[in-house]
DNA sequence: CAAAAATAATAGTAAAACTATCACATATGC
DNA sequence: GCATATGTGATAGTTTTACTATTATTTTTG
């Protein structure tokens with residue numbers, strides 16, 4: 001398992017007490033990732049999590065308002081990490097085409113190796129993002145939560161990549177639609193590949209087929 | 001409100017007793033559409049529905065195993081209806097390009113007019129599909145439910161449209177990825193336009209912008 | 001070392017998601 | 001036309017979820 005020493009900071013709106021500052025907090029976050037990816041978000045409860053970390057539910061509630069905000073926290077952590085990777089991948093790369101290509105790979109490809117930042121198992125987290133992240137905004141509370149900035153990290157990622165698209169073709173009118181289409185699309189393809197294979201095309205044992213599909217799609221779509 | 005006299009049949013796996021055969025059953029279905037689009041799926045319960053239709057919860061449970069299978073039923077109804085529209089739109093159209101164009105419109109455009117089939121308000125149902133339908137398969141039970149054929153109607157729609165893609169360009173290798181990408185993508189764009197506008201491009205007051213975006217994307221992507 | 005902060009232990013609540021039972025009404029088949 | 005099957009209503013009960021509240025104990029820190 002590879003370890004990196006960067007530190008991801010999540011907006012204070014997403015927690016009651018910063019879980020990053022205590023052992024219990026970090027344990028809540030890392031164990032919740034394991035438990036959510038094991039049980040799925042619906043069957044996941046703070047009570048079950050409490051049993052695993054040997055703390056009462058009420059202690060978990062001091063960090064997170066609800067299991068929903070915990071999911072928003074995890075999602076936000078993920079997008080902040082993705083943004084870091086986007087910035088890193090773009091550094092010193094002159095060609096916008098090359099930067100876009102690398103960005104699409106980051107947005108659409110699953111992490112291959114075990115990777116852990118702090119106590120966060122990024123690979124497991126990515127599994128959660130694929131299956132559960134849309135549930136953060138597909139709720140009756142979207143508008144309120146959006147006002148509170150719950151989705152800022154995601155928006156920032158989208159913005160950053162759309163800017164590369166615009167750099168390549170300033171006349172292309174729908175960069176946001178395009179980028180959100182491929183982000184959510186890639187999540188779906190990864191999910192379908194595992195659970196509903198007839199909805200995707202993974203007949204070849206070729207790796208990164210999803211990434212290649214989206215790279216092709218994006219460059220064809222934005223060309224003049 | 002426009003009424004049409006076609007009849008949509010849903011697979012028996014999706015209900016305990018066919019709601020289509022009794023007044024109570026039809027009332028459960030039509031009122032659930034209104035209530036789900038009002039409360040959102042999470043806050044929707046059989047108890048609340050029972051109060052509206054003035055029947056006890058237990059009577060609703062005679063038709064549907066759970067609120068989850070009711071959602072699967074509604075989704076399946078919707079895709080069966082979409083397939084009917086696809087077949088109808090393709091009838092007597094020689095050009096595959098034209099058939100694909102019309103199919104993409106059907107898959108990506110929201111219904112403009114009020115429309116009711118039997119007691120089903122199709123416009124409200126479409127609102128539910130946009131927000132809630134992904135929740136039918138983003139669960140721990142996907143694999144089991146897939147085996148039972150819960151997602152057959154959706155798969156059939158995807159298959160039908162991919163065949164047109166292949167007719168136009170037999171060498172194109174990823175028709176399923178492409179079609180599911182635009183179906184789910186369009187749902188997202190409609191949702192974002194209403195709730196997270198910075199994730200989309202609806203700055204113009206132009207209608208059918210989402211459809212046009214996807215038509216352009218598809219034809220660019222599949223061209224040789 | 002005292003005060004403040006964090007955590008544990010325990011209890012309690014309202015609602016959700018069912019399951020069960022029995023009475024009554026209605027439709028159907030012979 | 002009557003017995004039987006089927007459908008619906010009324011009511012009650014269970015387990016679990018998603019919290020909230022209170023008090024005691026431990027740990028941190030200034």
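Determine, yes or no, whether residue A:200 is under 19 Å from residue A:105 (Cβ atoms), without any contact (Cβ under 8 Å) to a residue 24 or more places away in the chain and facing chain B (nearest Cβ under 7 Å).
Answer is yes for this residue.
Mind listing whichever residues of segment A:35-57 are in contact (Cβ under 8 Å) with a residue 24 or more places away in the chain and surrounded by fewer than 15 Cβ atoms within 10 Å (Cβ to Cβ)?
Within segment A:35-57, no residue meets the criteria.
Pick from A:65, A:94: which is within 16 Å of DNA strand D (Cβ to nearest atom) and over 26 Å from residue A:189 (Cβ atoms)?
Within the list A:65, A:94, the selection yields A:65.
Would it be correct to say that residue A:176 is facing another protein chain (nearest Cβ under 8 Å), modelled with pLDDT of 95 or more, closer than 23 Å to residue B:139 by Cβ and in a helix (DSSP H, G or I)?
No; evaluated as a whole, the condition is false for this residue.
What single numbered condition from (1) closer than 20 Å to residue A:104 by Cα; (2) part of a helix (DSSP H, G or I); (3) more than 10 Å from chain B (Cβ to nearest Cβ) fails to hold for residue A:155?
Going through the list (1) closer than 20 Å to residue A:104 by Cα; (2) part of a helix (DSSP H, G or I); (3) more than 10 Å from chain B (Cβ to nearest Cβ), residue A:155 breaks only (3).
Just give me the residues in segment B:25-57 being within 10 Å of DNA strand D (Cβ to nearest atom) and under 30 Å from residue B:147 (Cβ atoms), in sequence order.
Matches in segment B:25-57: B:25, B:26, B:28, B:42, B:57.
Please determine whether any residue of segment B:76-86 is within 26 Å of residue A:135 (Cα to Cα), within 16 Å of DNA strand C (Cβ to nearest atom) and within 14 Å of chain A (Cβ to nearest Cβ).
Looking through segment B:76-86, none of the residues is within 26 Å of residue A:135 (Cα to Cα), within 16 Å of DNA strand C (Cβ to nearest atom) and within 14 Å of chain A (Cβ to nearest Cβ).
Condition first: surrounded by 14 or more Cβ atoms within 10 Å (Cβ to Cβ), assigned to a helix (DSSP H, G or I) and away from DNA strand C (no atom under 11 Å from the Cβ). Now tell me which residues in segment A:1-22 satisfy that.
Correct list: A:13, A:14, A:20.
Taking only segment B:179-210 into account, find how many residues are within 29 Å of residue A:149 (Cα to Cα) and assigned to a helix (DSSP H, G or I).
Of the residues in segment B:179-210, 20 are within 29 Å of residue A:149 (Cα to Cα) and assigned to a helix (DSSP H, G or I).
Only one of (1) out of contact with any helix residue (DSSP H, G or I) (no Cβ under 7 Å at 6 or more places or on another chain); (2) within 13 Å of DNA strand D (Cβ to nearest atom); (3) at pLDDT 95 or above is not met by residue A:21, so which one is it?
(3)
If I ask for residues that are within 9 Å of DNA strand C (Cβ to nearest atom) and within 26 Å of residue B:43 (Cβ to Cβ), which ones from segment A:43-60 would you list?
A:47, A:50, A:57, A:58, A:60
Taking the residues in segment B:134-143 that are without any contact (Cβ under 8 Å) to a residue 60 or more places away in the chain and assigned to a helix (DSSP H, G or I) as candidates, determine which candidate is surrounded by the fewest Cβ atoms within 10 Å (Cβ to Cβ).
Among those residues, the one meeting the criterion is B:143.
The values are calculated or read from the model by the stated rules, or taken from the named source; none is laboratory data. Quick caveat: nothing in here was measured; it's all calculated off a predicted structure. Glycine gets a Cβ as well: all are built from the backbone with ideal geometry, and neighbour counts include every protein chain shown.
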